[in-house]
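The values are calculated or read from the model by the stated rules, or taken from the named source; none is laboratory data. Computed from a predicted model, the values in this text were never measured in an experiment. Every residue, glycine as well, gets a Cβ built from its backbone with ideal geometry; the counts of neighbours run over all protein chains shown. The protein model used for the area step is the full one, side chains on, heavy atoms only, and it has no ligands, DNA or RNA in it. Shrake-Rupley method; radii C 1.70, N 1.55, O 1.52, S 1.80 Å.
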Amino acid sequence: MDTRQWRDTIAAAQDGDRRALDELVEGWLPLVYNIVGRALNGHADVDDVVQETMLRAVDNLGSLRDPDSFRSWLVAIAMRQIRDRARRRTPAPLDESATGGAADFAELTVLRLQLEGQRREVAEAVRWLDDEDRQLLSLWWLEVAGELTRRELAAAVGISRQHAAVRVQRMKERLETSRGIVRALDGACPDLRELAARWNGRPDSVWRKRLARHIRGCGYCGDTRESVVPPERLLVGIALVPVPVGFTLSLALGGKTAAAATATVASVSWSAKVMSALTQPVVAATAGATIVAGGAYVVTQTPDAPPPRVTVSPTAASTHRPPPVVDTPSVSPSPSPSPSATPTKTFLYGSVVDAVDRAPDPDTPPAALPHRPETGVTSTGGAHAVMNHRGDSVTLTGKGYVLVRWQISPQYRAGGLVMPSWTGLRGELFHVASGGGRRMDDPVSATDSTATGMGNSTVGYTVLPAGTQQMWQNEYFYLDGSVTLTVNERGADYGLSVFPSSWDAAEKDITTGPDQGVKRYGLVRDTGEDDAPVPQYVTRSTPADAATVAQESRVSAP
């Protein structure tokens, strides 16, 4: 919709022309309805927010100095009302059931525009986005469809065009993840069906992460035989979703009367002119809406043709460059040997910090992994605990091996990572080996030279605290006693899967080399003695906030 085509209509409406105002409201109502409807996904509050947006636009139309800026002005009003609505409500997630049984906006989009295939997939993926992403997508969708410009999108959100480009790219990444979920749920993967059996059917961020993790690790769900078309190519030219029949828009100007209006235009207030026009006992039919006495617009028919985070982004070179070897950690008053140092019996348990090391050559087989006694480890999270959020924890007890598998998710939230911590340690805990076929900072894409397991130049990178050991995809620990592992997710998005494991499983993992389809052999850290590396961020105390555990990893003898 080109505002320049509406210049005369806007000017006439500002002068109090009722027919011009009718035309303006009827012509721009679908745009506002699509923005609000998609941002709130058809929630019951959509009608109220649309109502308030149009009311404020009509009531303040006289203050608009440049008719050419009407569209961006109207969109900005709509976004303010959406945000105000969010502030007035409790911070609890949207309860989509509050629509009273009405179809959500994703379903309305599919049905009314008769979308099929990947266009339907994109529309349904919107359900899986968080509120902030849905608000941005409601504008970006219209930008791609030719209804808004990037300048107008940025102005409506209140950010620069450069920042808008970053925000849009991150939202698109989450939209692609959501498309994968929609596609997988339409499939027949038995493991996914088993996982989704506990799901209540209502999309939310927790289940988005769970399902996305399954898809990334599942050969069946991740096997996309159909070429995936970028969403911007799918959305080009898609019309606005028509305003539903029976939709009522009451523009009584907040209860104002002509006598109550104070602003004057040629001795008569603009609001008074509009109010006088709207309250005449007449019915003025328009193409898709009818204005009746009292200023209520009622959609009577569906038109045949609808009216026209600070991201840390290291360079690829710095991302791929291995960190320097630190043989003497700064937290120790005396030199401490690296994991590769010759074992010395004089070291007490816990005196060795897991020093930052250089990634070994991919073709270098690991040293032999000492086989410590195992009677088995039990976990409060069961055989496979999945921890996705800050404060999630498991307590491990027994004598044996534990696997901690990392899942970094910069596409959701990049930036500084607050490491998980080991608290309440009783007995001994060692970091014995690293595996999984790659370190998390290894390159992961044949087409994007900036992409590693820690992120890429587009979505940003997850960054470790200075001096922290770079994790591998699989980290193996040996426990003789009891300890609690806690996720301290805050600055960056990550998750941990925790499995009681065995020496056999660890040995098999780390000896799987590049010739067997992985990035590199694993790395043995265990010396077989009490001077083997101790995990960073471990303590025998139980602090109120596990995120406050010091990085120095110095624990007294058991």
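Among the protein heavy atoms of the range 367-424, carbon and sulfur supply 54% of the accessible surface, probe 1.4 Å, non-protein parts ignored. Ignoring aspartates and glutamates fewer than eight residues from Lys519 along the same chain, the ones with Cα atoms less than 19 angstrom from its Cα are Asp357, Asp361, Asp363, Asp441, Asp442, Asp448, Glu475, Glu507, Asp509. Calculate, for His371 and Ser63, the FRET efficiency according to 1/(1 + (r/R0)^6) with r their C-beta to C-beta distance and R0 51 Å; round to the nearest 0.05. E(calc), rounded to 0.05, equals 0.05. Only protein atoms count toward the accessible area here, which uses a 1.4 Å probe; on the range 1-82, the carbon and sulfur part of that area reaches 38 percent. Measuring only protein heavy atoms, the 1.4 Å probe finds Arg213 accessible over about 40 Å². For the range 422-450 versus the range 158-189, the inter-centroid distance based on Cα atoms is 27 Å. Summing charges over neighbours of Arg208, with a neighbour being any other residue whose Cβ is under 11 Å away from its Cβ, gives +2 when K and R count +1 and D and E count -1.
These residues, Thr511, Thr484, go from largest to smallest accessible area, 1.4 Å probe, as Thr511, Thr484. Using heavy atoms of the protein chains and a probe of 1.4 Å, the accessible area assigned to Asp361 is about 90 Å². Distance from the Cα centroid of the range 459-485 to that of the range 511-534 is 15 Å (rounded to whole angstrom).
Set the Förster distance to 35 Å, then compute FRET efficiency between Asp84 and Asp448 from the Cβ-Cβ distance, nearest 0.05. Efficiency for this residue pair is about 0.30.
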